[in-house]
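One structure is given below, encoded as structure tokens.
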Amino acid sequence: MKQIYKSFGVGLFLLSTNLVASSLNSIGINLGNSHTGYSQIDTKGTTTLGNEPDTLYKTIELYLALQDTHYENIKHYLSFNYGYNDELKHQYILGGINRYFENFYVGVLIGYGELTWKYDPINNAKDKNYNANSILAGIQIGYDIPLSNSISLGLNSKVLFHNYETTIEPTNEISSQITHNYTANVGVGIKYSF
């Protein structure tokens, strides 16, 4: 978790270099659902998990957008995302640039995240904490539906690629690697524009 906050600080610093040419445009919150793809490779012996990892989870995203003063249809984007289900926690920060076409936008994203198992994947015990960190890169698309001059309903979808690797070694003779390699997210939320 400390790495997330350090990365968030670095992201804020890098984004602050654009603040000279940008101004706060909007803030918002999205609630959604995500699916994370994974694969398991047995490197030594055969590992049987306590159960298959749940790949669906709920997400919440807090974000802000900065208007680029040089380009009217470009907005810089910074967000913190938290996803969870009974088995995993997925938290990450993203920075990016969105290109607007009226109320529709397309963006590119880069960030850093942490995936945490809430239990030992081998025996379902709650006493082990398996963490994996990764750089993320992806795209997003969205559409804003104005409800008033400053409030809009937002629809958003993201696809993020990452490389969360968890090595599981129940004994010296058995080893397995679980890799979570992408996340697809769909969300809806409220945005306040200044």
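The values are calculated or read from the model by the stated rules, or taken from the named source; none is laboratory data. Every value quoted in this text rests on a predicted model; they were computed, and no experiment measured them. Cβ placement follows ideal geometry from the backbone for every residue including glycine, while neighbour counts extend to all protein chains displayed.
Odds and ends about this structure:
- Of the strands (runs of 3 or more DSSP E) lying entirely inside segment 28-116, those containing at least 2 residues that are among the polar types (S, T, N, Q) and more than 14 Å from His180 (Cβ to Cβ) are 56-68, 74-84.
- Count of segment 151-181 residues, restricted to those that are modelled with pLDDT of 95 or more and either hydroxyl-bearing (Ser, Thr, Tyr) or not in a strand (DSSP E or B) (or both), is 2.
- Given (1) at pLDDT below 95; (2) crowded, with 18+ Cβ neighbours inside 10 Å; (3) of a type in the set (A, V, I, L, M, F, W, C), number of the condition Leu78 does not satisfy: (1)
- Cβ-Cβ contacts under 9 Å between residues 6 or more apart (or on different chains), taken from a first residue in segment 103-120 that is surrounded by fewer than 18 Cβ atoms within 10 Å (Cβ to Cβ) to a second residue that is among the β-branched types (Val, Ile, Thr), are listed as Asn103/Ile145; Phe104/Ile141; Val106/Ile139; Val106/Ile141; Val108/Ile97; Val108/Ile139; Ile110/Ile135; Asp120/Ile168.
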